[in-house]
Amino acid sequence: MEQKELKVSAIKNGTVIDHIPAHNLFKVISLLGLADIPNQITFGTNLESHKLGRKSIIKVADKFFADDEINKIALVAPQAKLNIIRDYEVIEKKQVTIPDEVVGYVRCFNPKCITNHEHITTRFSVVSKDPLELKCHYCEKVTSEKEMVII
Ligand code: CTP
Ligand code: ZN
């Protein structure tokens with residue numbers, strides 16, 4: 001059997017978010033608002049992964065995310081895998097899914113869009129999931145994965 005080594009300590013209760021592309025770790029931290037919660041959080045980055053080359057992992061103690069909260073990260077970590085931990089055991093594994101609508105956390109790529117000039121929450125429909133394409137509800141321009149900026 002393959003020898004297993006934990007690069008980041010195990011947690012007793014909470015959520016382990018695994019298989020985050022290494023370069024998107026801080027986007028995930030930002031999307032989930034992890035800088036502003038009092039929970040214990042540990043993370044590792046640039047860990048080896050067969051699937052991703054280099055991956056990141058985040059462990060949030062005593063936190064269990066709602067599906068719509070966690071699905072936000074699908075835009076920057078489509079292969080992320082959630083492990084729900086209770087009493088040191090993995091009791092559930094979940095995949096993230098790209099939502100059909102993205103509200104409030106991506107900037108519209110069109111500099112002339114009203115959302116870039118007034119305090120209006122951005123709103124997009126997901127017209128393609130792979131490659132990711134978001135169509136703005138206000139100006140109808142499409143923001144692609146390359147152009148996507150998280151706000
Ligand atoms: N984990 C943890 N604390 C625990 C149990 C598990 O931090 N008490 C972490 C492990 O380090 C691992 C993830 O949760 O990163 C998933 O655990 P497990 O299913 O045991 O590992 P794998 O079989 O390697 O998971 P997979 O192949 O599904 O990614
Ligand atoms: Zn727009």
**Filter result (part of a loop (DSSP other than H, G, I, E, B), under 15 Å from the mean Cα position of the chain (by Cα) and either within 14 Å of ligand 2 (Cβ to nearest atom) or of a type in the set (Ser, Thr, Tyr) (or both)) within region 98-136** = Gly104, Tyr105
**Message:** I'd like to verify a number: residues in region 1-35 that are farther than 24 Å from Thr97 by Cα and without any contact (Cβ under 8 Å) to a residue 12 or more places away in the chain, how many?
**Reply:** 6
**Prompt:** In region 4-18, is there at least one residue being open to solvent by 90 Å² or more (accessible area, probe 1.4 Å), in contact with a helix residue (DSSP H, G or I) (Cβ under 9 Å, 6 or more places away or on another chain) and either closer than 26 Å to Val126 by Cα or within 14 Å of ligand 1 (Cβ to nearest atom) (or both)?
**Reply:** no
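Quick check on this structure: which one of Ile91, Ile84, Ile58, Ile70 is touching a strand residue (DSSP E or B) at 6+ places or on another chain (Cβ under 9 Å), closer than 21 Å to Met148 by Cβ, among the aliphatic types (A, V, I, L, M) and within 13 Å of ligand 1 (Cβ to nearest atom)? It would help to see each step written out before you state the result.
Numbers: Ile91 fails: closer than 21 Å to Met148 by Cβ; Ile84 fails: closer than 21 Å to Met148 by Cβ; Ile70 fails: within 13 Å of ligand 1 (Cβ to nearest atom).
Residue meeting the stated conditions: Ile58.
When the residues of region 46-73 are narrowed to those that are part of a helix (DSSP H, G or I) and either touching a Leu at 6+ places or on another chain (Cβ under 9 Å) or in contact (Cβ under 8 Å) with a residue 60 or more places away in the chain (or both), which ends up surrounded by the fewest Cβ atoms within 10 Å (Cβ to Cβ)?
Ranking the qualifying residues of region 46-73, first place goes to Glu69.
The values are calculated or read from the model by the stated rules, or taken from the named source; none is laboratory data. Because the structure is predicted, anything quoted here is derived from the model rather than measured. Using ideal geometry, Cβ is built from the backbone for each residue, glycine included, and neighbour counts are taken over all protein chains shown. These accessible areas exclude ligands, DNA and RNA; they are computed on the full protein's heavy atoms, side chains included. Shrake-Rupley method; radii C 1.70, N 1.55, O 1.52, S 1.80 Å.
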